[in-house]
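Everything on this sheet refers to the single structure shown next.
The values are calculated or read from the model by the stated rules, or taken from the named source; none is laboratory data. Everything quoted here is computed from the prediction, not taken from an experiment. Ideal geometry is used to build each Cβ from the backbone, glycine not excepted, and the neighbour counts take in all protein chains shown.
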Amino acid sequence: MSARLRPMRLADLDAVLALEEELFAPDTWTRAMYRDELARTDTRHYLVAEDEGTVVGYAGLIAYDDEAHVATIGVATGRQGEGIGARLLDALLAEADRRSPVVLLEVRADNELAQGLYRRRGFTEIGRRRGYYQPSNTDAVVMRREVLHG
């Protein structure tokens with residue numbers, strides 16, 4: 001069964017926070033951060049990937065008129081490699097392309113798999129942020145993608 005994408009709801013936060021802990025500890029977002037993001041419906045676009053009632057992935061976009069930011073993408077460890085992350089990213093990019101001429105993101109410097117996915121979607125590295133992820137003090141690779149009109 002393949003996961004379906006739908007808008008993230010407050011009721012999803014327990015599942016999303018469990019995935020945060022699995023994937024990104026100790027550099028996890030908090031429930032308050034997600035609640036705040038979900039309340040900003042004018043500039044935010046958050047999705048979950050759900051398979052038979054279980055949240056197996058999630059993603060979020062912050063979009064303004066001048067630029068958009070991929071805020072987060074996570075896929076359950078046991079479901080990675082199935083294309084769920086790519087589908088989530090593609091959905092965010094489709095939304096970003098409607099709103100903004102450029103998309104930016106930060107990705108952990110040690111996450112080669114994610115960096116490869118972003119490169120395949122047209123992102124290029126434009127810089128690094130030393131110690132960006134806290135408290136682990138892990139560097140971030142900053143990547144940028146221009147909207148592809150055509």
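On the given criteria, is ILE126 among the β-branched types (Val, Ile, Thr), modelled with pLDDT of 95 or more and within 21 Å of PHE24 (Cα to Cα)? Walk me through it before giving the result.
On the way: among the β-branched types (Val, Ile, Thr): yes; modelled with pLDDT of 95 or more: yes; within 21 Å of PHE24 (Cα to Cα): no.
So ILE126 fails the test.
Which one of ASP90, ASP65 is of a type in the set (D, E, K, R), in contact with a Lys or Arg (Cβ under 9 Å, 6 or more places away or on another chain) and modelled with pLDDT of 95 or more?
Working: ASP65 fails: modelled with pLDDT of 95 or more.
From the options ASP90, ASP65, the qualifying one is ASP90.
Give the number of residues within segment 52-64 that are among the aromatic types (Phe, Trp, Tyr) and surrounded by fewer than 21 Cβ atoms within 10 Å (Cβ to Cβ). Give the steps one after another, and end with the answer.
Taking segment 52-64 as the starting set, the residues that turn out to be among the aromatic types (Phe, Trp, Tyr) are 58, 64.
Pick out the ones that are also surrounded by fewer than 21 Cβ atoms within 10 Å (Cβ to Cβ) and you get 64.
Number satisfying all stated conditions: 1.
Working carefully through the options ALA109, ALA86, ALA68, find the one that is over 15 Å from LEU23 (Cβ atoms), touching a strand residue (DSSP E or B) at 6+ places or on another chain (Cβ under 6 Å), of a type outside the set (Asp, Glu) and surrounded by fewer than 18 Cβ atoms within 10 Å (Cβ to Cβ).
Details: ALA86 fails: touching a strand residue (DSSP E or B) at 6+ places or on another chain (Cβ under 6 Å); ALA68 fails: surrounded by fewer than 18 Cβ atoms within 10 Å (Cβ to Cβ).
When all the criteria are applied, what remains is ALA109.
In segment 74-130, which residues are of a type in the set (Ser, Thr, Tyr) and either outside any helix (DSSP H, G or I) or free of Cβ contacts under 8 Å to residues at least 24 places away in the same chain (or both)?
Residues satisfying the conditions are SER100, THR124.
Taking segment 19-51 as the search range and keeping residues that are part of a loop (DSSP other than H, G, I, E, B) and touching a helix residue (DSSP H, G or I) at 6+ places or on another chain (Cβ under 7 Å), which one is surrounded by the fewest Cβ atoms within 10 Å (Cβ to Cβ)?
Step one: list which residues in segment 19-51 are part of a loop (DSSP other than H, G, I, E, B), which gives 25-30, 40-43.
Remaining after also requiring touching a helix residue (DSSP H, G or I) at 6+ places or on another chain (Cβ under 7 Å): 28-29.
On the way: THR28: 14, TRP29: 17.
Filtering first and then ranking leaves THR28.
Quick one: LEU92 ticks every box in (1) farther than 23 Å from LEU17 by Cβ; (2) out of contact with any Asp or Glu (no Cβ under 8 Å at 6 or more places or on another chain); (3) not hydroxyl-bearing (Ser, Thr, Tyr) except a single one, so which number is it?
(1)
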